[in-house]
Amino acid sequence: MRAMRLSLIALMAGVVLAFPAAGVETPNPERGRALYENHCVVCHTSKVHRRNPPSAIDREALRYIVKVWVEEQKLRWRAEDIEDVVLYLDRAHYRFDK
């Protein structure tokens, strides 16, 4: 009986780990591109991402910069929106995960 319970627990844990948590979205770079193009390119051209030295030296720094500008511009972005834009910018310009 105990072995059956442990097997059931292991099976349930496997199912839970196989699916993302409810309400947690996987970052979407295409959605990030759309948000960036609709809200950010008014002031930013691609040149801003080629500064030397770069303002963003890793993904955490990039996330911080995006959050600062979201607050500065009073955008009502959720955490998922910020993550989408960060992933888009990383893939399109920075490539921190080389």
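Of all residues in segment 72-91, those satisfying the criterion of being over 8 Å from the mean Cα position of the chain (by Cα) and of a type in the set (Asp, Glu) are Glu72, Asp90.
Consider segment 26-72 and keep the residues that are assigned to a loop (DSSP other than H, G, I, E, B) and of a type in the set (Gly, Ala, Ser). The one that is farthest from Val86 (Cα to Cα) is Ser55. Can you confirm whether segment 48-63 contains a residue that is at pLDDT below 85, under 17 Å from Ala79 (Cα atoms) and not hydrophobic (A, V, I, L, M, F, W, C)? No; the residues of segment 48-63 include none that is at pLDDT below 85, under 17 Å from Ala79 (Cα atoms) and not hydrophobic (A, V, I, L, M, F, W, C).
Every condition in (1) within 20 Å of the chain's Cα centre (by Cα); (2) at pLDDT 80 or above is met by Ala21 except one, and the failing one is (2). Applying a threshold of 7 Å to beta carbon distances and a minimum spacing of six or more residues, or different chains, the list of pairs starting in segment 64-82 at a residue that is touching a residue at least 40 places away in the same chain (Cβ under 8 Å) and ending at one that is among the hydrophobic types (A, V, I, L, M, F, W, C) and not in a loop (DSSP other than H, G, I, E, B) reads Trp77/Val70; Asp81/Leu35.
Residue count for segment 31-43 satisfying the condition of being surrounded by fewer than 14 Cβ atoms within 10 Å (Cβ to Cβ) and under 15 Å from His93 (Cβ atoms): 2.
The values are calculated or read from the model by the stated rules, or taken from the named source; none is laboratory data. Values in this document were obtained by computation on a predicted structure and should not be read as measured data. Neighbour counts run over all protein chains shown; Cβ positions are idealised from the backbone, glycine included.
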